[in-house]
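Novice: Quick one: structure below, then a few questions.
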């Protein structure tokens, strides 16, 4: 990677660690609400998505954050799966990009279709080595991290052909994963707004949402924060990328450091 390109990119999306003190000035007197993606944010991206465990230190810091601020995890995974990784009861969980929460619409109607999609994909991709299918309750994830470059076009064609036959679903792509989800106006940005409304901060000017995420789907949440006109959007990336986020962090390790500083700042502001 060209370090000059990265440093140039940092001028547009400065490190949330290095600029923490000036960022936090705006938080004085406001209610901070913390929103987090899971994979690539709280845990490292790993070859096997079923082994994306967070570290004990990250869990400890996350627990402290949740004691200080309302905290939510919005993930493409199913809500149950994310809870299985995190195992903290004082956190709000939103799975399937926000579909798997107590949302203001019925998602249960999509369950039979999700099962059918999985069955079709299992059959259609059985000859493609490295494919991993994941049922995230309201979203089907097709992981292709271990699919060869030669087989990828075949997989892509299969997935697109399956989705093309479904009027109620749409296809999106994340980090080494295709995601098939209901084609409704709902994403991580809507989930963020819904959770703020649930917490009683929907139209409040005294709330400061912080959203940290690393994937394309997190851009919807960054966009929602920009639309609100307040709050901080932070992208997790070690290389330049197009993003609507205002700030950046290089890795989950940096996320842990940022959250730790947030906890320390909160304790100091309470005692001062």
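Novice: What do you reckon, is residue 152 buried (at least 16 other Cβ atoms within 10 Å of the Cβ), more than 28 Å from residue 199 (Cβ to Cβ) and without any contact (Cβ under 8 Å) to a residue 60 or more places away in the chain?
Specialist: Details: buried (at least 16 other Cβ atoms within 10 Å of the Cβ): no; more than 28 Å from residue 199 (Cβ to Cβ): yes; without any contact (Cβ under 8 Å) to a residue 60 or more places away in the chain: yes.
Against the criterion (buried (at least 16 other Cβ atoms within 10 Å of the Cβ), more than 28 Å from residue 199 (Cβ to Cβ) and without any contact (Cβ under 8 Å) to a residue 60 or more places away in the chain), residue 152 does not qualify.
Novice: Could you please let me know if residue 80 is in contact with a strand residue (DSSP E or B) (Cβ under 8 Å, 6 or more places away or on another chain) and surrounded by fewer than 16 Cβ atoms within 10 Å (Cβ to Cβ)?
Specialist: On the way: in contact with a strand residue (DSSP E or B) (Cβ under 8 Å, 6 or more places away or on another chain): yes; surrounded by fewer than 16 Cβ atoms within 10 Å (Cβ to Cβ): yes.
For residue 80, the condition - in contact with a strand residue (DSSP E or B) (Cβ under 8 Å, 6 or more places away or on another chain) and surrounded by fewer than 16 Cβ atoms within 10 Å (Cβ to Cβ) - is met.
Novice: In addition: Do we find a residue being farther than 19 Å from residue 171 by Cα and without any contact (Cβ under 8 Å) to a residue 24 or more places away in the chain anywhere in the range 63-71?
Specialist: Initial filter on the range 63-71 (farther than 19 Å from residue 171 by Cα): 63-71.
Right, trim to without any contact (Cβ under 8 Å) to a residue 24 or more places away in the chain and you get 67.
Within the range 63-71 (the criterion being farther than 19 Å from residue 171 by Cα and without any contact (Cβ under 8 Å) to a residue 24 or more places away in the chain), the answer is yes, since at least one residue qualifies.
Novice: Related question: Of all the residues that make up the range 167-201, how many are within 12 Å of residue 117 (Cβ to Cβ), crowded, with 16+ Cβ neighbours inside 10 Å and in contact with a helix residue (DSSP H, G or I) (Cβ under 7 Å, 6 or more places away or on another chain)?
Specialist: The qualifying residues number 6.
Novice: With (1) in the same structural domain as residue 262 (by TED's automatic domain parsing); (2) in contact (Cβ under 8 Å) with a residue 12 or more places away in the chain; (3) touching a strand residue (DSSP E or B) at 6+ places or on another chain (Cβ under 6 Å) as the list, and residue 16 as the residue in question, which single condition is left unmet?
Specialist: Single failed check for residue 16: (1).
Novice: Let me ask something else about it. State whether the residues of the range 124-135 include one that is more than 26 Å from residue 242 (Cα to Cα), in the same structural domain as residue 96 (by TED's automatic domain parsing) and touching a residue at least 40 places away in the same chain (Cβ under 8 Å).
Specialist: Pass one, the range 124-135, residues more than 26 Å from residue 242 (Cα to Cα): 124-135.
Checking the rest, the ones that are also in the same structural domain as residue 96 (by TED's automatic domain parsing) come to none.
No, that holds for no residue.
Novice: Sticking with this structure for a sec: Give the range 215-236 a look and list any residue that's surrounded by 19 or more Cβ atoms within 10 Å (Cβ to Cβ) and over 12 Å from residue 189 (Cα atoms), or say none.
Specialist: The first filter runs over the range 215-236 and keeps only residues surrounded by 19 or more Cβ atoms within 10 Å (Cβ to Cβ), leaving 215, 217-222, 224-225, 231-236.
Listed by number, the residues that qualify are 215, 231, 232, 234, 235, 236.
The values are calculated or read from the model by the stated rules, or taken from the named source; none is laboratory data. These numbers come from a predicted model, not from an experiment. Positions of Cβ are generated from backbone atoms using ideal geometry, with glycine treated the same way; all protein chains shown enter the neighbour counts.
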